[in-house]
Every structure is written in structure tokens, then in C-alpha cells.
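Read-outs throughout are calculated quantities, based only on the coordinates presented, and are distinct from any laboratory measurement. Computed from a predicted model, the values in this text were never measured in an experiment. In this analysis, Cβ positions are derived from the backbone assuming ideal geometry, glycine residues included, and neighbour counts consider all displayed protein chains.
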Amino acid sequence: MKKIVCEQTADAAIEEWPVRPYSKSELAHAYAPEIGERSALNRLSRWIRLNEALSRALRETGYRLTQQIFTIKQVELIFLYLGRP
């Protein structure tokens with residue numbers, strides 16, 4: 001019974017946060033809705049920077065700190081390493 005609940009929760013997260021391009025601020029706010037936009041952006045940037053495997057994988061996609069939109073591949077990687085919001 002518990003396994004079904006977990007599968008339903010995972011399905012709901014996938015439905016709510018599909019893999020598609022997201023602006024940095026949109027994704028940052030999704031991970032930290034309780035704080036302001038700038039703080040959420042700083043937090044997401046810190047999580048990415050401190051996760052060496054994620055940082056490396058993002059760089060391999062051409063990720064730059066100054067870009068405003070995460071590509072589909074970058075979003076896939078963020079969801080893989082950080083989980084869905």
C-alpha cells in the first residue's frame with residue numbers, strides 16, 4: 001500500500017514539474033517558494049555550485065552562470081541531482 005502512495009506522489013511531481021525549459025527565477029522559486037526571488041536564485045546557484053557532479057554535468061551542456069533560461073537537458077540534470085521541486 002505504501003508503495004502505491006509513493007508512486008502516486010512521484011507521478012504528481014512529474015505532472016506538476018514536467019521537463020521543459022525554465023527560467024532560472026521560475027525554477028529557483030519552485031525550490032524555495034517561501035523566500036524572495038533574489039534569495040531563491042542565490043540558494044539554487046549555491047546548490048548547483050556545491051554539487052560538483054551537477055556542476056560538471058551542467059558545464060558539459062554549455063551552461064553559463066549568466067544564462068537566464070535552463071535548457072531541457074539542464075533541467076533534466078537538475079531534477080536528477082536535486083530532485084523535482
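Odds and ends about this structure:
- A protection proxy built from the mean count of other Cβ atoms within 10 Å ranks the segments 34-41, 51-58, most packed first, as 51-58, 34-41.
- Pairwise FRET efficiency - Arg38 versus Ile72, Cβ, R0 = 25 Å, nearest 0.05: 0.45
- Pair Ser25, Arg49: separation of 7 Å Cα→Cβ label points (nm): 2.1
- Segments 26-33, 66-73 sorted - mean Cβ within 10 Å per residue, highest first: 26-33, 66-73
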